[in-house]
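The values are calculated or read from the model by the stated rules, or taken from the named source; none is laboratory data. The shown structure was predicted, so the numbers you read here are calculated from the model rather than taken from an experiment. Cβ coordinates were reconstructed from backbone atoms using ideal geometry, including for glycine residues, and neighbour counts include every protein chain displayed.
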Ligand code: AMP
Ligand code: ZN
């Protein structure tokens, strides 16, 4: 099933031709903003010299800091009266940044989201419960408009208020949910606590996004719920959700290349890497009137999956986001991504749905402390059993990240649950 088959299955030469045409428009729109005027001047960029897609790499990057500097509208080429909406980043790092949309931008975005949802088999008969925060965050309204465009019945539940969520799911026979992975883990626990069997509910799909999570977490959510979970990727700077989405093959996320140019760069040198190599994702928005953004450094680490997907879509897929260049922890000189720790923890059936990583400095040495909730159904309360589990967890983590963490096993439900983007790393080391 396709939303827009011609464009989703377009051959690469035609796609590149389309991208180049759109790039020229995006560049001339950008060049009319005060921000890019200054940047292009500083870097002696003449956009008329961009004669092929290859030349894109000659242009400077745009960073989150640039968006802050040009706050509120230094990157906007249209007049205020043409703008119909704004959103802001949830502030994964630092102060939030603002994004503007014209009516056409909102329409295009809704179509892209509808395209994503159709790629997972959702259709107008579905009941879609959106458990992402509504408001400035794009996760709420972004999926909302896409699901309406597709013709689903939308329940704009927003995040939190878990008992109410469950009631809505039951009363209105929700079939598809949109949720952060951390909140999904909490939700399924509460469903069980209520004496409801999640497998008996009608929900059959979850769209999981807004924060990094591991394949093991996906499997855990799928098994506990009895559903298919699809990875959903986006960021406010590129509209919000709908940038890249998994199809029914669940093997990487199609990044919609008629809307975005993908580059993967070495985060240290800025050099563009070959397809397949892992690095930082850089995106150029080809379609936005109210805010053209050229070569945006997402800080997200991934790679292009260059081979063709079995679904027939020709747009490149990107791999699960491994982490951000700025969430990498350096513990005793070793680079560690929280996602690596999560992968190990979630592969243990005895481990429950929540954990925290706490870093401390003791006697000038880094100590990693991992607090993990136990899964109630697997735990019979024997001290010996717990000690063995601790040792196995420690050993698995040490084997992967070469650091010997201190493990603390916690009772189910004892760590604070997350309703939105989870905060799981607490770095208490004073520098
Ligand atoms: P925001 O602009 O507030 O929506 O935050 C966007 C950021 O959330 C992205 O740059 C990623 O770091 C993160 N993010 C969104 N979706 C995913 C996903 N599916 N997997 C991993 N990280 C994600
Ligand atoms: Zn596919």
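Which of the strands (runs of 3 or more DSSP E) found entirely inside segment 191-250 contain at least 2 residues meeting this: surrounded by fewer than 21 Cβ atoms within 10 Å (Cβ to Cβ)? Spell out how you get there, then give the answer.
Working: elements: 205-209, 228-235, 240-246.
Filter on segment 191-250 gives an empty set.
Given the conditions (1) within 16 Å of ligand 2 (Cβ to nearest atom); (2) within 27 Å of residue 79 (Cα to Cα); (3) assigned to a loop (DSSP other than H, G, I, E, B), and given that residue 289 satisfies all but one, which numbered condition is not satisfied? Residue 289 satisfies all of (1) within 16 Å of ligand 2 (Cβ to nearest atom); (2) within 27 Å of residue 79 (Cα to Cα); (3) assigned to a loop (DSSP other than H, G, I, E, B) except (1).
When you scan segment 345-356, do you find a residue that is touching a strand residue (DSSP E or B) at 6+ places or on another chain (Cβ under 8 Å), buried (at least 21 other Cβ atoms within 10 Å of the Cβ), at pLDDT 90 or above and assigned to a loop (DSSP other than H, G, I, E, B), even just one? No, because not a single residue in segment 345-356 is touching a strand residue (DSSP E or B) at 6+ places or on another chain (Cβ under 8 Å), buried (at least 21 other Cβ atoms within 10 Å of the Cβ), at pLDDT 90 or above and assigned to a loop (DSSP other than H, G, I, E, B).
Looking at segment 37-62, which of its residues are surrounded by 13 or more Cβ atoms within 10 Å (Cβ to Cβ) and over 27 Å from residue 15 (Cβ atoms)?
Within segment 37-62, the subset surrounded by 13 or more Cβ atoms within 10 Å (Cβ to Cβ) is 37-40, 45, 47, 50, 53, 55-57, 59-62.
Across segment 37-62, the qualifying residues are 37, 38, 39.
Does residue 281 fit the bill of being out of contact with any helix residue (DSSP H, G or I) (no Cβ under 7 Å at 6 or more places or on another chain) and either touching a residue at least 60 places away in the same chain (Cβ under 8 Å) or within 21 Å of residue 237 (Cβ to Cβ) (or both)?
Values: out of contact with any helix residue (DSSP H, G or I) (no Cβ under 7 Å at 6 or more places or on another chain): yes; either touching a residue at least 60 places away in the same chain (Cβ under 8 Å) or within 21 Å of residue 237 (Cβ to Cβ) (or both): yes.
The answer is yes for residue 281.
Looking across segment 204-237, the residues that are within 18 Å of residue 155 (Cβ to Cβ) and without any contact (Cβ under 8 Å) to a residue 60 or more places away in the chain come down to 204, 206, 208, 225, 227. Of the set (1) within 20 Å of residue 108 (Cα to Cα); (2) in a loop (DSSP other than H, G, I, E, B); (3) modelled with pLDDT of 95 or more, all apply to residue 18 but (2). Going residue by residue through segment 295-302, is there one that turns out to be within 14 Å of ligand 1 (Cβ to nearest atom) and free of Cβ contacts under 8 Å to residues at least 24 places away in the same chain? Looking through segment 295-302, none of the residues is within 14 Å of ligand 1 (Cβ to nearest atom) and free of Cβ contacts under 8 Å to residues at least 24 places away in the same chain.
Show the residue pairs that are 6+ apart or on different chains and have beta-carbon atoms under 7 Å apart, the first residue being within segment 250-265 and on the phi > 0 side of the Ramachandran plot, the second being away from ligand 2 (no atom under 13 Å from the Cβ). Matching pairs, first to second residue: 252/319. Of all residues in segment 26-49, those that are within 28 Å of the chain's Cα centre (by Cα) and free of Cβ contacts under 8 Å to residues at least 24 places away in the same chain total 0. Taking the criterion of being closer than 24 Å to residue 221 by Cβ and assigned to a loop (DSSP other than H, G, I, E, B), the residues of segment 327-344 that qualify are 327, 337. The single condition from (1) within 27 Å of residue 108 (Cβ to Cβ); (2) within 16 Å of ligand 1 (Cβ to nearest atom); (3) outside any loop (DSSP other than H, G, I, E, B) that residue 320 fails is (3).
If you check 283, 255 for being more than 16 Å from ligand 2 (Cβ to nearest atom), crowded, with 19+ Cβ neighbours inside 10 Å and under 20 Å from the mean Cα position of the chain (by Cα), only one passes: 283.
Please verify whether segment 262-279 includes one or more residues that are assigned to a loop (DSSP other than H, G, I, E, B), more than 16 Å from ligand 2 (Cβ to nearest atom) and crowded, with 21+ Cβ neighbours inside 10 Å. Reasoning before the result, please.
Restricting attention to segment 262-279, the residues satisfying the condition of being assigned to a loop (DSSP other than H, G, I, E, B) are 266-271, 273-278.
Retained after the next criterion (residues that are more than 16 Å from ligand 2 (Cβ to nearest atom)): 266-271, 273-278.
Filter once more, keeping what is crowded, with 21+ Cβ neighbours inside 10 Å: none.
No, that holds for no residue.
Residue 178 passes every criterion in (1) within 20 Å of residue 255 (Cα to Cα); (2) assigned to a helix (DSSP H, G or I); (3) within 16 Å of ligand 1 (Cβ to nearest atom) apart from (2).
Residue count for segment 166-190 satisfying the condition of being in contact with a strand residue (DSSP E or B) (Cβ under 7 Å, 6 or more places away or on another chain) and over 17 Å from residue 421 (Cβ atoms): 8.
Can you find even one residue in segment 331-339 that is in contact with a strand residue (DSSP E or B) (Cβ under 8 Å, 6 or more places away or on another chain), more than 19 Å from residue 425 (Cα to Cα) and not assigned by TED's automatic domain parsing to the domain that holds residue 190?
Let us first name the residues in segment 331-339 that are in contact with a strand residue (DSSP E or B) (Cβ under 8 Å, 6 or more places away or on another chain), namely 331-332, 335-339.
With more than 19 Å from residue 425 (Cα to Cα) added as a condition, the list becomes none.
The answer is no, given that none of the residues of segment 331-339 is in contact with a strand residue (DSSP E or B) (Cβ under 8 Å, 6 or more places away or on another chain), more than 19 Å from residue 425 (Cα to Cα) and not assigned by TED's automatic domain parsing to the domain that holds residue 190.
Based on what the data block shows, is residue 242 within 15 Å of ligand 1 (Cβ to nearest atom), under 13 Å from residue 321 (Cβ atoms) and touching a helix residue (DSSP H, G or I) at 6+ places or on another chain (Cβ under 8 Å)? It is false that residue 242 is within 15 Å of ligand 1 (Cβ to nearest atom), under 13 Å from residue 321 (Cβ atoms) and touching a helix residue (DSSP H, G or I) at 6+ places or on another chain (Cβ under 8 Å).
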